[in-house]
1. Asp82 is checked against (1) more than 23 Å from Ser273 (Cβ to Cβ); (2) free of Cβ contacts under 8 Å to residues at least 60 places away in the same chain and fails just one. What number does that condition carry?
2. Looking only at the range 103-144, how many residues end up being touching a strand residue (DSSP E or B) at 6+ places or on another chain (Cβ under 7 Å), part of a loop (DSSP other than H, G, I, E, B) and within 21 Å of Pro208 (Cα to Cα)?
3. Look through the range 193-223, keep the residues that are small (Gly, Ala, Ser) and surrounded by 17 or more Cβ atoms within 10 Å (Cβ to Cβ), and return whichever of them is nearest to Val284 (Cα to Cα).
4. Considering each of Ala277, Ala236 in turn, give the residue that is under 20 Å from Phe137 (Cα atoms) and either assigned to a helix (DSSP H, G or I) or not aromatic (Phe, Trp, Tyr) (or both).
5. Looking only at the range 158-192, count how many residues are crowded, with 19+ Cβ neighbours inside 10 Å and among the charged types (D, E, K, R).
6. Any idea which of (1) of a type outside the set (Asp, Glu); (2) at pLDDT below 90; (3) over 19 Å from the mean Cα position of the chain (by Cα) is the one Asn224 doesn't satisfy?
7. How about the range 237-252: which of its residues are basic (Lys, Arg) and farther than 12 Å from Pro201 by Cβ?
8. Considering only residues of the range 227-247 that are surrounded by fewer than 20 Cβ atoms within 10 Å (Cβ to Cβ) and among the hydrophobic types (A, V, I, L, M, F, W, C), which is farthest from the chain's Cα centre (by Cα)?
Amino acid sequence: MKTLKLSFTIVLMLAFSVSLSAQNVDNKKGNQTTKITGEDLLGIKSGADPKKAEPNKAGKSRKNGRPVVFTVGDSTMKNGKDDGSNKQWGWGHFFGDMFDTTKVSVENHALGGRSSRTFITEGLWAKVLAAVQPGDFVLIQFGHNDSGSLNVGRARASLKGNGDNDTTVVMELTGKAETVHSFGWYMRKYAQDVKAKKATPILLSHIPRNMFTTKDSVAVIRNNDGYGLWTKEAAAMEKVLYLDANQLIADKLDKMGKDSIQLMYYGDHTHTSLLGAKLNAKTVAEGIKELKSCKLRKYLK
């Protein structure tokens, strides 16, 4: 069994190396030079131009009254300039490839460094919500950036838990007072706002980090407690759809081995490589397909 597992890991590593090399090689055929983009090991080809970011104006992709799928989150959903220039990608970039774009469009409005709290306080959520119409879908994933300081430095933390408790802090940067709510409160607000627009919210637990239960373990750390649990509870309280993306992705990674995971699927301890982002996009789509009451299923390829 150990020999087979090691062989599988080596095969994956070699395939990934070939794929990366292919991205920077020109394949000459006759008098034409064709740029090799690197066949995706998952069988996913991105229909989007990787040099162009997703539309920054919410609702821009809507045509002929067709529904729009909005994604909202942090850098694990949209990384950097969304062009892979830092060798890292967010899964939201490839999520649109999972759908029949003749029937629905997908817009990725995530932004790196944001938390459930700051995506609202910076006005980003208001811009997305203004474009949401009846029949649309909004996927919301936060948790990676919701810890830390409430009012010093980046000051993006929410209170732990899912309660209605809050606290008022004076922001170091502005000197102004701000009321900070619990993580669950913010997640419930997203759901409430989308429902008020007669659209469908889907709350997701955030993707797993490149971290393991022990130093020598191949088991990826789950987020069944903390932010994952609070997201699930918020969805239950608002009677909206919940997708445990953290568990679904971690289950797949466990089968690949620690060396393969670290070499191929992540760019650091949190952010994913091209292959990792595509794996996550595909896994989220598979998860949606299993949500029996989710009308978004009918738009999947």
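The values are calculated or read from the model by the stated rules, or taken from the named source; none is laboratory data. This structure is a prediction, so every number in the text was calculated from the model and none was measured. A quick note on method: Cβ atoms are made from the backbone with ideal geometry, for glycine too, and the neighbour counts reach across all protein chains shown.
1. All conditions pass for Asp82, except number (1).
2. Of the residues in the range 103-144, 3 are touching a strand residue (DSSP E or B) at 6+ places or on another chain (Cβ under 7 Å), part of a loop (DSSP other than H, G, I, E, B) and within 21 Å of Pro208 (Cα to Cα).
3. Keep residues of the range 193-223 that are small (Gly, Ala, Ser), which gives 196, 199, 205, 217, 219.
Checking the rest, the ones that are also surrounded by 17 or more Cβ atoms within 10 Å (Cβ to Cβ) come to 199, 205.
Working: Ala199: 19, Ser205: 11 Å.
Going through the qualifying residues, I end up with Ser205.
4. Criteria check complete, one pass: Ala236.
5. Number of matching residues: 1.
6. (3)
7. Lys252
8. Met237
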